[in-house]
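See structure below.
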Amino acid sequence: MKIISLTTNKISLSSSILVFVLIALTTASTVFAESTDENMKILQEKIAADKKLLVAENMDLTDADAKNFWPIYDNYQKDLQKINDRLAKLLNEYAIVYNTNTVTNEKARQLLDEAIKVELAEIQLKQSYIPKIAKVLSGVKTVRYIQIENKIRALTRYEISEMIPLVVEGKAY
């Protein structure tokens, strides 16, 4: 099994677990289309706990750091989930037009516009939280946390891109 390490000197996480977390975070509505709301909630809570553990294992937080950081982290994750929901909706829209071979130029542009808006929202969210994090953590730990989030998001984007086929007018390949 391939191992993905967020740092060279900290705990590693197997790629299969990380991939599961990432896919579930970004494509929740697709993954859970046939699940009950209760099962979906339980799985989302498990995924969030796994991500939090990954962050905790890689942050080297003191007790004082942790006391101040985790509430900000939780709020960030809650706000990030809204962006993940938008991304999942976008992926579902794409899946519908892809599977029905109804991709028009207009729909393609709409999907692209929304994809850009989702990316911008993620950047703006990060920008809004960096000062909050920097108030409670050192500069190094602030950067470290953002690096961890960036790595997780990069893996998420990679996994999504691997699953999404390229589109061609009127039909998809």
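Overview of values
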item	result
Filter on K67/K89; K51/K132; K46/K132; K52/K78; K89/K135; K78/K151 - keep pairs with C-alpha separation over 24 Å	K67/K89; K46/K132; K89/K135
Region 66-100-region 120-173 distance, computed between alpha-carbon centres (Å)	10 Å
Student exercise, region 94-163 dipole from Lys, Arg, Asp, Glu Cβ charges, in Debye to nearest 20	480 debye
Most to least packed among 102-111, 64-73, 88-97 [average Cβ atoms within 10 Å]	88-97, 64-73, 102-111
Extension reserve of the L125-A95 stretch, reckoned as 0.36 nm per residue once the Cα distance is removed	8.2 nm
Computed E for D79/E162 - FRET, C-beta separation, R0 22 angstrom, nearest 0.05	0.25
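FYI, it's all coordinate maths here, none of it is from the lab. Not measured: the values here are computed from a predicted model. Note: ideal-geometry Cβ built from the backbone for every residue, glycine included; neighbour counts use all protein chains shown.
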